[in-house]
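The values are calculated or read from the model by the stated rules, or taken from the named source; none is laboratory data. Because the structure is a prediction, the values reported are computed rather than measured. A quick note on method: Cβ atoms are made from the backbone with ideal geometry, for glycine too, and the neighbour counts reach across all protein chains shown. Just the protein is used for accessible areas: all its heavy atoms, side chains included, with ligands, DNA and RNA removed. Shrake-Rupley method; radii C 1.70, N 1.55, O 1.52, S 1.80 Å.
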Amino acid sequence: PSLISSISLSSPLSLEAPQSHYLTTLLSISTDYRDEVLSKIVYMCSQNNYQYVTNFEWYITVLVEMTRFEGTRQGHLIAGQMLDVTIRVRDVRPFAVKQMATILENTHLFSGSTHENGICEVLYAAAWITGEFSSFLPDARGTIDALLNPKITALPAHIQAVFVQNI
């Protein structure tokens with residue numbers, strides 16, 4: 001069966017295991033098909049208020065891994081999920097903040113090629129989460145330095161604004 005069909009057929013018990021395999025497979029397929037698969041993964045995980053996700057650290061990790069796909073146009077969807085899970089699930093906040101701080105320090109999301117396809121939207125979520133839940137930051141100074149990165153001037157205004165707000 002196709003990758004999308006097998007994702008749609010995943011049972012709640014098998015949801016977490018195949019996703020890691022799917023993420024690796026996604027590196028070798030076309031951008032359009034990959035974007036469709038990414039949206040299906042998010043749909044499966046988020047349906048019915050995340051009833052099938054038993055490990056939210058795993059889900060945050062999957063979302064962070066999705067940011068590595070060159071050319072994806074799912075940045076807004078990924079960012080929305082990062083925000084939603086971190087706001088709703090109190091126990092995942094320390095882990096999520098650490099992951100978001102890592103995203104801010106990873107400058108590949110600041111480049112022009114990813115800016116055009118929307119993955120830079122994840123920077124909005126990362127900046128907002130690290131600012132809102134800053135008490136969980138492992139290295140506040142390092143995160144502040146990342147928020148002051150001169151490359152942010154190439155980002156859309158709404159993302160720049162959340163960077164400035166959270167310094």
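Observations on the structure shown:
- Per the conditions (1) at pLDDT 95 or above; (2) farther than 30 Å from Ser30 by Cβ; (3) touching a Phe, Trp or Tyr at 6+ places or on another chain (Cβ under 9 Å); (4) aliphatic (A, V, I, L, M), the sole criterion not satisfied by Met100 is (2).
- Restricted to region 60-167, the set of helices (runs of 4 or more DSSP H) holding at least 1 residues that are among the aromatic types (Phe, Trp, Tyr) and open to solvent by less than 10 Å² (accessible area, probe 1.4 Å) comprises 157-165.
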